[in-house]
Amino acid sequence: MRRLLLLAAVAIPSVASAQDAPARLVRQTTSAVSEAELRATVAHLVTYGTRHTLSDTTSSTQGIGAARRWAAGRFAVIAKACGGCLEIATPQETFTGSRLPPAGAVVQDVLAIQRGTADPDRVIVISGHIDSRVNDVMDATSIAPGADDDGSGVAAVIEAARVLSKHKFPATLVFAIDSGEEQGLYGARVLANYAVAQGWHVEAALNNDIVGNTHGQNGAHIDGYVRVFSEGDKSILTPKEAAARRTTGGEDDSPSREVARFIEGVAQMATPGFKAKMVFRTDRYGRSGDQVPMLDKGFPAVRFTEAAENWDRQHQNVRNENGRAYGDVLAWVDVPYLARVTRVNIAAMALLASAPPPPEAIKADGALKDDTAVSWKSAPGAASYRVWWRDSTAPRWEHSQDATGTSTVLKDVLLDDWLVGVSSVSAEGFVSPVEYPGATGAFAAPVPAAK
């Protein structure tokens, strides 16, 4: 038996030699990230004046319509460079709501889809929202640069498309630019409904919202980590399913939380000295983001947000007041920091899309025994599996044991005291996120029909 104590809970090899495939892929993709490209994207987005969801859609230079068409054009240029590897889609829906006109409004997203070579229905998503706002959420004409919120996230999405389109992956990658976030997460609802309609099995959705500032409201300068928020139990669990999860102690082992653990470990490979700080909460306290509609469909999703938020630069009219500068302008975006966040996203997407899917139907049997027997259903593309266990109060997976079949026994691991999970491993060494026992925790759990 091999027990491996990990410094971080990540379903990738803990010691990556210079020759192994995961380390090589991370090095190739993250080294291609360009600060100049990121800066240029944010700088261009602020030229549209406002990108409010209800702003001009016909002008070629101002408003959200022009911004969306420019984003689609950027995807088209990237697609041409990779020989047409990206398919561009612009799904839209009409919504009504308290932050929309009485007659409703059309909300449109811009997507670039890079089809997987082996398992195209398995999908990894990165998203950011292109709309911006000022103090009055219904003000669709005042200047709203939206450099950090969320020009930074859009820049990360476009840069991820530029870098990852140069590689091929077994799973599909989706680069999503949402609208309508500030009015009520409507663009994310368009994306989630589109994913269901397309039959996508979304294994992870990485929402990037406010990821470019490093100077906090309290004057702190924090550029050493990015926060990654993840929900506990799936929001779609029935009361019976949720009760079963609580009985086994699985509240901290939803697929979203396993994706967060995966990302935490990936960050160490992607950006030495830079961390992805897990926050076990769906979003910042009392707030929300575009990952939530994805979660509502049962898809694993997390939110990336900078470590040091400054509310003088969010949802503010651009102005100087009593010697204090307000507004979300380009000058406050720390591009080297944004580049590090982008590298973490790109590395996570590349490794997730290269790995087999997590195994399903995991069962753990250790009642009245000193040992724990673990079994699971084989996963497509898996050459072997890694069984993990950790103390019930530990936030990260601590120990692992490899297995070549679909079952193993953990000697002297008393299941009463430990949590267990299993990940899939490809022949090249790519490892999936961990899956927790029980069908209700499965990454492949069915999602509700689109409304």
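Among the residues of the stretch 276-292, how many are among the hydrophobic types (A, V, I, L, M, F, W, C) and farther than 20 Å from Arg340 by Cβ? Quick ask: steps written out before the conclusion?
First, the residues of the stretch 276-292 that are among the hydrophobic types (A, V, I, L, M, F, W, C): 276, 278-280, 292.
Then drop every residue that is not farther than 20 Å from Arg340 by Cβ, which leaves 280, 292.
Looking only at that region, the number is 2.
Residues are listed down the side, and each one gets a yes or a no for (1) modelled with pLDDT under 95; (2) of a type outside the set (Ser, Thr, Tyr); (3) in contact with a strand residue (DSSP E or B) (Cβ under 8 Å, 6 or more places away or on another chain):
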residue: Asp150; (1), (2), (3): no, yes, yes
residue: Gly153; (1), (2), (3): no, yes, yes
residue: Ala156; (1), (2), (3): no, yes, yes
residue: Ala161; (1), (2), (3): no, yes, yes
residue: Leu164; (1), (2), (3): no, yes, yes
residue: Lys168; (1), (2), (3): no, yes, no
residue: Thr172; (1), (2), (3): no, no, yes
residue: Glu182; (1), (2), (3): no, yes, yes
residue: Gly187; (1), (2), (3): no, yes, yes
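Within the set of pairs 6+ apart or on separate chains, which have a first residue in the stretch 213-238 that is in a loop (DSSP other than H, G, I, E, B), a second that is exposed (fewer than 14 other Cβ atoms within 10 Å of the Cβ) and modelled with pLDDT of 95 or more, and C-beta atoms under 6 Å apart?
As it stands, the answer is Thr214/His221, since those pairs meet every condition given.
What strands (runs of 3 or more DSSP E), lying completely within the stretch 273-391, carry at least 2 residues that are in contact with a strand residue (DSSP E or B) (Cβ under 9 Å, 6 or more places away or on another chain) and surrounded by fewer than 21 Cβ atoms within 10 Å (Cβ to Cβ)? Step through it out loud before you land on a result.
Numbers: elements: 275-279, 301-306, 319-321, 324-326, 360-365, 372-377, 384-391.
Correct list: 275-279, 319-321, 324-326, 360-365, 372-377, 384-391.
Exactly one of (1) surrounded by 14 or more Cβ atoms within 10 Å (Cβ to Cβ); (2) farther than 25 Å from Gly49 by Cα is unmet by Gly65. Its number?
(2)
Just to verify a result, which residue in the stretch 239-268, among those that are of a type outside the set (D, E, K, R) and part of a loop (DSSP other than H, G, I, E, B), is nearest to Lys297 (Cα to Cα)?
Initially, the stretch 239-268 is screened for residues of a type outside the set (D, E, K, R), giving 239, 242-244, 247-250, 254-256, 259-260, 262-263, 265-268.
Going one step further and asking which of them are part of a loop (DSSP other than H, G, I, E, B), we end up with 249-250, 254.
On the way: Gly249: 23, Gly250: 20, Ser254: 14 Å.
For the stretch 239-268, the residue satisfying everything is Ser254.
The values are calculated or read from the model by the stated rules, or taken from the named source; none is laboratory data. Because the structure is a prediction, the values reported are computed rather than measured. Cβ sites come from the backbone with ideal geometry, for glycine too, and all protein chains shown count toward neighbours.
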